[in-house]
1. Could you work out the relative contact order of segment 122-229, using alpha carbon pairs under 8 angstrom and six or more residues apart, expressed as a whole percent?
2. Would you kindly give the portion of the calculated P(r) for segment 193-283 that falls above 16 Å, as a percent of all Cα pairs?
3. Would you mind ranking Arg276, Arg221 so that the residue whose beta carbon has the fewest other beta carbons within 10 Å leads the list?
4. Place the peptides 192-201, 159-168, 141-150 in order of packing, highest mean first, counting for every residue the other Cβ atoms within 10 Å and averaging per peptide.
5. Going by C-beta contacts inside 10 Å, put Phe157, Phe97 in order with the fewest on the left.
6. In terms of modelled amide H atoms, which long-range or inter-chain residues lie less than 5 Å from the amide H of Val27?
7. For segment 124-204, I need the span (max minus min coordinate) of the C-alpha atoms along each principal axis, in Å, sorted largest to smallest.
8. Please compute the modelled spin-label separation between Ile272 and Arg221, points set 7 Å along Cα→Cβ, answer in nm with one decimal.
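Here, each number is a calculation from the coordinates, and none is a lab measurement. Quick caveat: nothing in here was measured; it's all calculated off a predicted structure. Here the Cβ is made from the backbone with ideal geometry for all residues, glycine too, and neighbour counts use every protein chain on show.
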Amino acid sequence: MTLASLSPQAALPSPTTAVWQLGPLPVRAYALCIIVGIVVACVVTEYRLRRRGVAPGAVLDIAVWAVPTGIIGARIYHVITSPEKYFGTGGDPMKAFAIWEGGLGIWGAVAGGALGAWIAARQLGIPFSMVADALAPGLPLAQAIGRVGNWFNNELFGGRTTLPWGLEIHRMDPDNPGHALRDDTGQPILEPGLFHPTFAYEALWNIGVAVLVYLVDRKLRLGRGRAFALYVMGYTAGRFWIELMRTDEANTILGVRLNVWTAALVFLGALIYFLRVRGPREYLIPLGATAPQAAPAESDVSQVDLSEREAGSRRAAPEGYRVVDEGQFRAYQETGAVPADEPEAGDGGDPTGSAGPTGAASGGEPTRDDRAGATGSGTADRES
């Protein structure tokens, strides 16, 4: 009798393989899930940035910085908070670079990715808070997809359960990473009993957070990074109780897992930011480019200047951006006319903020040629 026979028949299965060989190249499910998650986050962020006036394709310039720094930050956090495997007795320091074997901390990923996004935002002349708000619904979706990789790896599960959705967990082969250990008959060996699929709980929670951020942002027109703060609060609230269910090895403080403390502290920081920061949602008008002219509503095709439209589709990338409010942005979309400069508010600053290195928050010309790496400005209807 094998350990597999001790598990009930009605259970959620787990994969026995998390890596496949494509010739000499190993294809890892964990890496594929991360890549798909990044793509989803980029698509959502691109859509939301364009509806705020950012030139098409800017998200690619941001991702070039944010993705590598996010991965590096995630790995650094994991190694620092779980050093025994790498620097303890019998540890292998070179394993710290083996990202493909798993071990990425979300807290480090967000911190590292934020640093990369900040660098890119400065280069593009886009307010960093706008980038964060645009990313807010897409990031939890990416995290939800990434958790599927934990299912393939048979990891990040909770304690034993008799619930109908209890999860079977395979005993993985340490000498053949990514594959389940097998008995003498060639059958994969299961850990006895069923376990809480905490990675699935987190994935579902993250999808809920994405929906929450989208709906609240749509209703309240959040700006100044408050949509991102809402995401952080939603994610950490779920991570707090999910982390308490996990049974995998982790460092603790006062008998409580380190990530529980981290989730609580980050939640409080995001809550303080959300309550203290105020300001309207920011929109951008490109400098050095004009909005495309729409054809008259009652005209037929023969009255449309196709050569002018074709030239408009190839217009140059903006030299920079000017931050405006929603009313000014909608007026610009309808007329193509850049709104007149407004005097600064009595409190000593433009309530719409700054456009970063271009210095164009109050309508001034940029001090250097900051381009978004794409053509034209986003022209979109009201966000939905």
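1. Normalised by residue count, the contact order of segment 122-229 is 40 percent.
2. Result: 60 percent of Cα pairs exceed 16 Å.
3. Going from sparsest to densest Cβ surroundings: Arg276, Arg221.
4. 141-150, 192-201, 159-168
5. If I rank by nearby Cβ atoms, fewest first, I get Phe97, Phe157.
6. Excluding prolines and chain starts, which carry no amide H, the hits are Trp20, Gln21, Leu22.
7. Result for segment 124-204: principal-axis Cα extents of 62, 31, 14 Å.
8. Spacing of the two 7 Å Cα→Cβ label points: 3.0 nm.
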